Amino acid sequence: MFADAGVQPPKTWDDLLELVPVFKKKGIAPLALGGQSKWPSLMYLEYLVDRIGGSNVFQRVLDGKPGAWSDPAVIKATTMIQQLVKAGGFADSFASTPSDSGSELALMYTGKAAMVLQLSSQYQMMKETAPDFMDSGDLGWVPFPTVEGGTGDPRYLVGTPANSFAISSDATEAQRNTAMDFLADKVLDKEYSKSMIDSGGVPPTVDVGDSLKDSDDKDFLGFTYNLVHRAPAFQLSWDQSLSPGHADTLLSNLERVFLLQMTPRQFSAAMDKTL
């Protein structure tokens, strides 16, 4: 699609905005979005806030600092999201498109949308649901765009860029030992790593780089591995980092931002009440 339109994938947010009219003129949605599922929309906010203001912005939210959601980076991020919506950046049906069923991805691999922002696991899903598309060589990938004037490190990652495991600090000694045994016996097992690579995923081990080179998916897996390996910081998806009630309110209010039913400042004011 990009080759046919004579354009390059976006490196900056301004690049992304400039692509919107290019694809719309061709009758192609610039971006697919599974808005019905809510959580895919969150990645736009997570990345923009960090690109604009750095990782300390969300850390203040986690720390429960009063007014943390009213940080200028949050207000600017939601403003930019609405700018993209108003420009027609998303497929018209984005609010009713589910992500979990694969409908969001289908818009892209059937030629109805040019791009999608998603987790790396969606590559594995497309290997199962759209093998012809995957074999065609028409899928490309790039990091989330940078934002001019932003103070965040563009190598920073959010969401689930690759597989990882964590052990709770509240676990008992017996529970910790059980978890460590599982990691040593299962996750670090070579056959387990091979099965994950064969499926199109990157195993959660730091020394797996060379093992990816023999995979049919080596280009994507190498890209993902290097993103993670070089990232100076990583933030788990916000809806997984916050308390369930806080996360539900976040997703509901963000949905209203995307639907232009809530202004950026109204969003921040509403979220500040949850702190």
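The values are calculated or read from the model by the stated rules, or taken from the named source; none is laboratory data. Everything numeric in this text was worked out from a predicted model, so none of it was measured. We place every Cβ from the backbone using ideal geometry, glycine too, and count neighbours over all the protein chains shown. For the accessible areas, the whole protein counts, side chains as well, though only heavy atoms, and no ligand, DNA or RNA atoms are used. Shrake-Rupley method; radii C 1.70, N 1.55, O 1.52, S 1.80 Å.
Under 9 Å between Cβ atoms, at least 6 apart or on separate chains: pull out the pairs that start in the stretch 126-149 with a residue that is closer than 15 Å to G200 by Cβ and end on any residue that is of a type in the set (G, A, S) and surrounded by fewer than 16 Cβ atoms within 10 Å (Cβ to Cβ).
Once the first residue is closer than 15 Å to G200 by Cβ and sits in the stretch 126-149, its partners that are of a type in the set (G, A, S) and surrounded by fewer than 16 Cβ atoms within 10 Å (Cβ to Cβ) give K127/S199; E128/S199.
Please tell me if A106 is in contact with a helix residue (DSSP H, G or I) (Cβ under 7 Å, 6 or more places away or on another chain), surrounded by 14 or more Cβ atoms within 10 Å (Cβ to Cβ) and in contact (Cβ under 8 Å) with a residue 12 or more places away in the chain.
On the way: in contact with a helix residue (DSSP H, G or I) (Cβ under 7 Å, 6 or more places away or on another chain): no; surrounded by 14 or more Cβ atoms within 10 Å (Cβ to Cβ): yes; in contact (Cβ under 8 Å) with a residue 12 or more places away in the chain: yes.
Criteria not met by A106.
Would you confirm, using the coordinates I've provided, whether K24 is more than 14 Å from W238 (Cβ to Cβ), open to solvent by 50 Å² or more (accessible area, probe 1.4 Å), of a type in the set (D, E, K, R) and not in a helix (DSSP H, G or I)?
The answer is no for K24.
Just give me the residues in the stretch 147-178 being hydrophobic (A, V, I, L, M, F, W, C) and either part of a helix (DSSP H, G or I) or more than 30 Å from S215 (Cβ to Cβ) (or both), in sequence order.
Those that are hydrophobic (A, V, I, L, M, F, W, C) and either part of a helix (DSSP H, G or I) or more than 30 Å from S215 (Cβ to Cβ) (or both): V147, A171, A174.
Please find, among P40, P9, P30, the residue that is assigned to a strand (DSSP E or B) and surrounded by 15 or more Cβ atoms within 10 Å (Cβ to Cβ).
P30
Out of E173, E148, E191, I need the residue that is open to solvent by 60 Å² or more (accessible area, probe 1.4 Å) and touching a Phe, Trp or Tyr at 6+ places or on another chain (Cβ under 8 Å). Which one?
When all the criteria are applied, what remains is E148.
Kindly list, by first and then second residue, each pair from a residue in the stretch 163-174 that is of a type in the set (A, V, I, L, M) to a residue that is surrounded by 10 or more Cβ atoms within 10 Å (Cβ to Cβ), limited to pairs with Cβ atoms under 7 Å and residues at least 6 apart or on different chains.
So the pair list comes out as I167/R176; I167/A179; A171/A179.
Suppose the filter is over 19 Å from the mean Cα position of the chain (by Cα), over 18 Å from V158 (Cα atoms) and at pLDDT 95 or above; does S93 pass it?
The answer is no for S93.
Can we say L221 is within 19 Å of G64 (Cβ to Cβ), touching a residue at least 12 places away in the same chain (Cβ under 8 Å) and surrounded by 13 or more Cβ atoms within 10 Å (Cβ to Cβ)?
Criteria not met by L221.
Return the residues of the stretch 70-103 that are in a helix (DSSP H, G or I) and open to solvent by less than 10 Å² (accessible area, probe 1.4 Å); say none if nothing qualifies.
Matches in the stretch 70-103: A73, V74, A77, T78, I81, L84.
Of (1) modelled with pLDDT of 95 or more; (2) surrounded by fewer than 23 Cβ atoms within 10 Å (Cβ to Cβ), S55 satisfies all except one. Which?
Checking S55 against (1) modelled with pLDDT of 95 or more; (2) surrounded by fewer than 23 Cβ atoms within 10 Å (Cβ to Cβ), the one that fails is (1).
Go through the residues of the stretch 198-207 one by one and say whether even a single one is among the small types (G, A, S), touching a residue at least 24 places away in the same chain (Cβ under 8 Å), within 30 Å of G54 (Cα to Cα) and not in a helix (DSSP H, G or I).
Within the stretch 198-207, one or more residues are among the small types (G, A, S), touching a residue at least 24 places away in the same chain (Cβ under 8 Å), within 30 Å of G54 (Cα to Cα) and not in a helix (DSSP H, G or I).
When the residues of the stretch 179-188 are filtered to those that are surrounded by 13 or more Cβ atoms within 10 Å (Cβ to Cβ) and assigned to a helix (DSSP H, G or I), which remaining residue is modelled with the lowest pLDDT?
So, considering only residues that are surrounded by 13 or more Cβ atoms within 10 Å (Cβ to Cβ) and assigned to a helix (DSSP H, G or I), the one modelled with the lowest pLDDT is V187.
Out of the stretch 127-145, which residues are open to solvent by less than 50 Å² (accessible area, probe 1.4 Å) and under 16 Å from the mean Cα position of the chain (by Cα)?
Those that are open to solvent by less than 50 Å² (accessible area, probe 1.4 Å) and under 16 Å from the mean Cα position of the chain (by Cα): F144, P145.
Restricting to the stretch 31-69, give me the number of residues that are farther than 17 Å from S99 by Cβ and not polar (S, T, N, Q). It would help to see each step written out before you state the result.
So in the stretch 31-69, the residues farther than 17 Å from S99 by Cβ come out as 48-69.
If we keep only those that are not polar (S, T, N, Q) too, we end up with 48-54, 57-58, 60-69.
Number of matching residues: 19.
Kindly indicate whether any position in the stretch 209-231 is at negative phi, in contact with a helix residue (DSSP H, G or I) (Cβ under 9 Å, 6 or more places away or on another chain), in a loop (DSSP other than H, G, I, E, B) and modelled with pLDDT under 90.
no
Does G67 fit the bill of being within 19 Å of R265 (Cβ to Cβ) and loosely packed, with under 15 Cβ neighbours inside 10 Å?
It is true that G67 is within 19 Å of R265 (Cβ to Cβ) and loosely packed, with under 15 Cβ neighbours inside 10 Å.
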